[in-house]
C-alpha cells in the first residue's frame, strides 16, 4: 500500500520536510492557510530577513536542494557596528571563509514551495485552514477560506509545520490532558524599513556584512537583498523612553533617526514612506510539550518558536527535518518509536535555542559596541586558534557547527564564566595576548 503523509503549513519547514518524506516513498499532501505567495508580488522587505547557517545548509544538503537556495543567498562574513558618529567597527563571525547567509523570507519561501512540488512531488492546497484534528486517527479537518466548504483528509502520519500559532496545536493538541504550553511576549517589538539600492542598482552599505546600530536598550539592523536593497529592522520597547509609543508623528520618526542613526538617516531617502509601509509587530517565544500525539508531530516554530536574534529560527526548524529523517531510518519508520525519540531528543535543544536567542539579543543590543566585549572576543578567537579542541566560541558552535543547541548553550555559559574571570584583570587590555593569560585560561579550564 502507498504510504501517505499530510503536512499542515507550506512554509519553510513544511516545504523542506515534504522532500524528505517524498524521498522516503511517501505521497505528500500539504494544506496551507494562505494563498499561494508566488502569485503575489513579494517585496524583499516584507519580513525580517533570514540568516542561513551550517544547520540549515546541512538539512538542505540532506536532500540535495542546496544549490537552488544558494542562488538567492548572500554571504555575510561578519557584523559591522555603526556608532552615533557614523564610525564603524567590524567583527568577523568566525574564521576566514565562514559566513552566514542573508535570504529574503518571501523569496526563500517561494523557492522552497517550488522545491516541494518539483523535488518532493507534493501537492499543495492553498486557502485551506485547519479547524480540528483527530490525533489518533491521523485526520485533519479543514475549511476552504474562499468557499466556506468544510472537509477532512487522513494519512498515515501528519506533521504540523504551521508556525508559532499552529492551528493543529491550538485546535487539537492543547486540548489534550497534560499538554504544557507557555507563550511569552518580550517587551520589545519591531518595525521594518527598506533601504533601497542606489540608482545604478549598487548597495548603499557593504553587502557582505550584517549591519548593526546598537544603542543600548534598542537597535537597528540591516541585511542585504539580491536587488541591492537592505531589509532593515528597528527593535525597541513598545513603551517608555525611546520606545515605539514616542514615535507617533512623522516628525518624531524623522528627528529620532536623524539624531540616533545619523549615517543611516543620510542614505535612507524614503524613511517616512517605508515607516508607514510596514506594521509594528510583536515577538513571542512559545514553549510546549509533548511535541507528538498519536499520528501527529509538531515541527519548526509550531514546536519551539523563538525570537530572531540568533538567526536560528529557520535553521532550528530545518534541523528538525535532519533529526526526524535520521530517526525514521534508525527505527525503520516505526512512527511511535520515531516520535518518542524525536521529542525526547529535540525538546532540550528547542529550549536551548530560545535561551540562546534571548541571550544574543543582549549581545547585539548592548555589548557589540563595548570595547571590553570586543577584546573578549579577540581573546577567545586567539585561544580557539591555539587550542581548537579545548575552546570553540559560542557563536561558532551555534552558527558554524551541528553541535546540539543544548550542548552549545551549556558550553557557552561555562566558557562565559571563565572569560569573566579573565576579563576581571585590570591590565587585561595590555596583556591579552600574553602567555600568562593563555595559561590562566588553561588553568581555569583544568579546574572546571
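Every number here is computed from the coordinates shown, using simple stated rules; none is lab data. Quick caveat: nothing in here was measured; it's all calculated off a predicted structure. In this analysis, Cβ positions are derived from the backbone assuming ideal geometry, glycine residues included, and neighbour counts consider all displayed protein chains.
Between 158, 103, 431, find the one with the highest GNM mean-square fluctuation for the chain; connect C-alpha pairs within less than 10 Å.
With Cα springs under 10 Å in the chain, the top fluctuation among 158, 103, 431 is at 431.
Tell me, how many Å apart are the Cα centres for the range 342-358 and for the range 52-116?
Spelled out, the Cα-based centre of one part sits 22 Å from the other.
Over the chain, what is the relative contact order in percent, taking alpha-carbon pairs closer than 8 angstrom and at least six residues apart?
18 percent
Please determine, in degrees from 0 to 90 and to the nearest 10, the orientation of helix 250-260 with respect to the longest principal axis defined by the Cα atoms of the chain, where the helix direction is its Cα long axis.
That works out to roughly 50 degrees.
What order do you get for 316-326, 269-279 when each peptide is scored by the mean count of other beta carbon atoms within 10 Å, highest first?
Top to bottom by mean Cβ count within 10 Å: 316-326, 269-279.
So what is the calculated 222 nm ellipticity per residue for the chain, using -39500 (n - 2.57) for each DSSP H run with n of 4 or more, over all residues, to the nearest 500 deg cm²/dmol?
Result for the chain: -12000 deg cm²/dmol, rounded to the nearest 500.
Note the full-extension length gain between residue 329 and residue 89 as 0.36 nm times their separation in residues minus their Cα-Cα distance, in nm to one decimal.
81.7 nm
Under 8 Å for C-alpha pairs, at least 6 residues apart: give me the relative contact order for the range 370-447, rounded to a whole percent.
Rounded, it is 29 percent for the range 370-447.
On C-alpha positions alone, give me the angle between the axis of helix 12-23 and the longest principal axis of the chain, in degrees, nearest 10.
Result, in degrees: 50.
Based on the inverse mean of 1/r over its pairs of different Cα atoms, what is the Kirkwood hydrodynamic radius of the range 370-447, in Å?
One decimal place: 12.9 Å for the Kirkwood radius.
Residue separation times 0.36 nm, minus the C-alpha to C-alpha distance between residue 187 and residue 61: what's the value?
Extending this stretch completely gives an extra 41.7 nm.
Under a point spin-label approximation (7 Å from Cα along Cα-to-Cβ), what is the residue 40-residue 149 distance to one decimal in nm?
So the two model labels end up 2.3 nm from each other.
Take the Cα of residue 137, step 7 Å along the line toward its Cβ, and report every residue of the range 273-308 whose backbone nitrogen sits under 19 Å from that point.
Output list for this probe position: 293-297.
Students often check this: by mean Cβ neighbours within 10 Å, which of 12-22, 50-60 ranks highest, and how do the rest follow?
The most tightly packed comes first, giving 12-22, 50-60.
Given C-alpha coordinates of the range 325-373, what is the ratio Rg to Rh with the Kirkwood estimate of Rh?
With Rh from the inverse mean 1/r over Cα pairs, Rg/Rh is 1.35.
Taking every pair of Cα atoms in the range 338-408, average 1/r, invert it to obtain the Kirkwood radius, and report Rg/Rh to two decimals.
A ratio of 1.07.
Take residue 345 and residue 416, extend 7 Å from each Cα along the Cα→Cβ direction, and tell me the distance between the two endpoints in nm.
Each label point lies 7 Å from its Cα, and together they span 2.7 nm.
What distance in nm separates the two pseudo spin-label positions at residue 250 and residue 197, each 7 Å out from Cα along the beta-carbon direction?
The modelled label-to-label distance comes out at 2.7 nm.
Normalised by the number of residues in the range 141-269, what is the relative contact order in percent for Cα pairs under 8 Å and 6+ residues apart?
17 percent
What is the helix-to-structure angle for 371-386, meaning the angle in degrees between its Cα long axis and the longest Cα principal axis of the chain, kept from 0 to 90 and rounded to the nearest 10?
70 degrees
Suppose the Debye formula is applied to equal point scatterers at every Cα of the range 152-285; what is log10 I(q)/I(0) at q = 0.11, 0.17 Å⁻¹?
Normalising to I(0) and taking log10 leaves -0.56, -0.93.
With 27 Å as the cut-off, how large is the P(r) tail for the chain, expressed as percent of Cα-Cα pairs?
56 percent
Treat the count of other C-beta atoms within 10 Å as a stand-in for reagent exposure and order 359, 211 from fewest to most.
359, 211
Can you work out the PRE-style zone for residue 174? Point 7 Å along Cα to Cβ, and I want the residues of the range 142-160 with backbone N under 19 Å.
Only 142-143, 159-160 fall inside the zone, counting backbone N under 19 Å.
Just the number: Rg to Rh for the range 227-309, Cα atoms, Kirkwood Rh, two decimals.
That ratio is 1.15, to two decimals.
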